[in-house]
Amino acid sequence: MIFKESNWGYRLVSMLLVLALLVPVLAACGDNETPTATTSEATKTTEPTKTVEPTKTAGPPTTTEVPFVNDPVKIGVIQDWSGPMAMAGMLAQGPMELLEWWVNEKEGGLLLEKEGVRRPIKLVKCDMQGTVPGAGACALKLILEEKVSATAIGGWSPAQVPAVADVGEKYKVLHVAVVTDPETALKGYSWTLEGLDPIVSSALAMVKKLQPKTVGYFALDSTTYRSHMQEIKAALEADGIKTVSEQYYTQGTNDFSPYLTRIKHDNPEVLVTAADAMGYQAVYKQIKELGGWGDVKVVAITDHGSAPGAITQPGAVGTYALTHYLYGYGGTGAQEFEQMWKQKCEEDSAWCTKWARGNSIPTPTAMFSTLEFFSVFVAVKAVEYAGTSDPAAVAKAARSGHFEVDTFMGYLKFNTDGNAEVEPFYVQVQTGGKLIPVK
């Protein structure tokens, strides 16, 4: 189950048993008693119904005794909703709406065992406007003004996420970052969680499957990507694989034709690449205009190479890319995520059209970031695991070394350093953006 006590069949059986026990009692009381709703009537609505206590309601159908308190558990979501990276916020919006709907309407609220209640969740977004100061300001606002139990995402930049973590460290509030690689992981923090991506080892395994004799390297000129390229290059050269091309482009490059022309001239058997989403989109568009890749096999070592804007470009066909999720390819957590998506599309066609592009299954071209969903999902699960919305208790429980969560990326256990290693895999891009896993 995605969240505790979420089996509807179990709920229905429980309700029928309760009714069976009540019928003789009601019959003995005479006709002056208030009629009891039938099971079918009770399950028609997901709206909370007020009881005698004004702060407590019998929320969407749950397993009896646990009262529903209409006092939302707040999770702060820090991302760009404006500025040059506004697309990141857009890709987070669908995951936020999906998760809120599932917990509040399908699960009857988040079960907090230490509080003895179920409560709805509220994902409070804050626009950091693509800046490091904006990231820190968002964390401060969410913690002090919104009184959130935890924060999530915090941007993609290695500089932005620490700005959020610094504020969380001061106020003892958990921050769940997006999946990153070990080199840029948050270190020295007491109240953070991160999924670690073994990018270099995964890339080496993929390249070796292709059995090249020559390799080229092409990447965004950043400290992290240069480091990855040098580490991969050293390992491959140690295995006797020759380097014939190596280029780095600067952030903001629009015309990639000089780089691509050089690559075609050098003609490596495999080209190892590391770029951002916009870089891959432009490269895959422009290489087609130059006649395609020819015999060069392209390996994108980051999941930006499997992003919707990249894989739908004609020059992406045949390339290999890292990814963390593919429909129908995963364990229990992935299957539950797919069921969540399917039900949402069945019940909310507007959401399905806007964020899922009308697909009742998660597709690679959806306007939906699975990595951002991961971050918010883990934050919500951390609150549930703590059994309370108290921020300090949530942070302590999440970093206890015992916090485990089944996600669409697999079953993760976070150690006392706040890290859990994810298991990405490679896919090959087909026509129309279709992805197939590489065996």
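The values are calculated or read from the model by the stated rules, or taken from the named source; none is laboratory data. Small disclaimer: the values here were computed from a predicted structure and weren't measured. Virtual Cβ from ideal backbone geometry, glycine too; neighbours counted across all protein chains shown.
A single member of Ala275, Ala282, Ala235, Ala205 is assigned by TED's automatic domain parsing to the domain that holds Val317, closer than 30 Å to Glu423 by Cβ, touching a strand residue (DSSP E or B) at 6+ places or on another chain (Cβ under 7 Å) and aliphatic (A, V, I, L, M), and it is Ala275. Taken over the stretch 320-356, the criterion of being assigned to a loop (DSSP other than H, G, I, E, B), among the small types (Gly, Ala, Ser) and buried (at least 19 other Cβ atoms within 10 Å of the Cβ) is satisfied by Gly330, Ala356.
Only one of the numbered conditions (1) within 19 Å of Ala395 (Cβ to Cβ); (2) modelled with pLDDT under 95; (3) among the hydroxyl-bearing types (Ser, Thr, Tyr) is not met by Ser201, and that is (1). Screening Leu186 on (1) in the same structural domain as Pro158 (by TED's automatic domain parsing); (2) in a strand (DSSP E or B); (3) not small (Gly, Ala, Ser) shows it passes everything except condition (2). Here is a check on your reading of the model: is Lys122 over 24 Å from Lys187 (Cβ atoms) and either assigned to a strand (DSSP E or B) or of a type in the set (Asp, Glu) (or both)? Taking the combined requirement at face value, the residue satisfies it. Annotation note: Cβ proximity below 9 Å between a residue of the stretch 284-297 that is farther than 20 Å from Thr214 by Cα and a residue that is surrounded by 15 or more Cβ atoms within 10 Å (Cβ to Cβ) and hydroxyl-bearing (Ser, Thr, Tyr) (sequence gap 6+ or interchain) occurs for Tyr284/Thr312; Tyr284/Thr319. Scanning the stretch 314-352 for residues that are within 19 Å of Ala88 (Cα to Cα) and without any contact (Cβ under 8 Å) to a residue 40 or more places away in the chain turns up just one, Cys352.
Of the residues that make up the stretch 360-377, is at least one among the aliphatic types (A, V, I, L, M) and assigned to a helix (DSSP H, G or I)? So far as the stretch 360-377 goes, yes, one or more of its residues are among the aliphatic types (A, V, I, L, M) and assigned to a helix (DSSP H, G or I).
When we screen Ala152, Ala163, Ala139 for residues that are in contact (Cβ under 8 Å) with a residue 24 or more places away in the chain and part of a strand (DSSP E or B), the only hit is Ala152.
A single member of Tyr426, Tyr411, Tyr385 is hydroxyl-bearing (Ser, Thr, Tyr), assigned to a strand (DSSP E or B) and within 28 Å of Pro120 (Cα to Cα), and it is Tyr411. Only residues that are under 16 Å from Ala321 (Cα atoms) and of a type in the set (D, E, K, R) were counted across the stretch 188-217, and they come to 3. Would you be able to say whether some residue in the stretch 84-102 is in a helix (DSSP H, G or I), touching a helix residue (DSSP H, G or I) at 6+ places or on another chain (Cβ under 9 Å) and over 30 Å from Ala159 (Cα atoms)? The answer is yes; a qualifying residue exists.
Inside the stretch 307-319, residues that are in a helix (DSSP H, G or I) and either in contact with a strand residue (DSSP E or B) (Cβ under 7 Å, 6 or more places away or on another chain) or modelled with pLDDT under 95 (or both) make up a count of 6. Identify, please: which residue in the stretch 388-399 is out of contact with any strand residue (DSSP E or B) (no Cβ under 6 Å at 6 or more places or on another chain) and assigned to a loop (DSSP other than H, G, I, E, B) and is, among those, surrounded by the most Cβ atoms within 10 Å (Cβ to Cβ)? If we take residues in the stretch 388-399 being out of contact with any strand residue (DSSP E or B) (no Cβ under 6 Å at 6 or more places or on another chain) and assigned to a loop (DSSP other than H, G, I, E, B), then Arg399 is surrounded by the most Cβ atoms within 10 Å (Cβ to Cβ). Exactly one residue out of Ala152, Ala177 is crowded, with 24+ Cβ neighbours inside 10 Å, closer than 17 Å to Ala393 by Cα and in the same structural domain as Gly89 (by TED's automatic domain parsing): that is Ala152.
Matching residues to (1) outside the structural domain of Lys288 (by TED's automatic domain parsing); (2) farther than 27 Å from Gln430 by Cα:
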| position | (1), (2) |
| --- | --- |
| Val298 | no, no |
| Gly333 | yes, no |
| Glu346 | yes, yes |
| Ser349 | yes, yes |
| Trp355 | yes, no |
| Phe373 | yes, no |
| Thr407 | yes, no |
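Restricted to helices (runs of 4 or more DSSP H) entirely inside the stretch 195-306, those with at least 1 residues that are more than 23 Å from Leu435 (Cα to Cα) and in contact with a helix residue (DSSP H, G or I) (Cβ under 9 Å, 6 or more places away or on another chain) are 223-238, 257-266.
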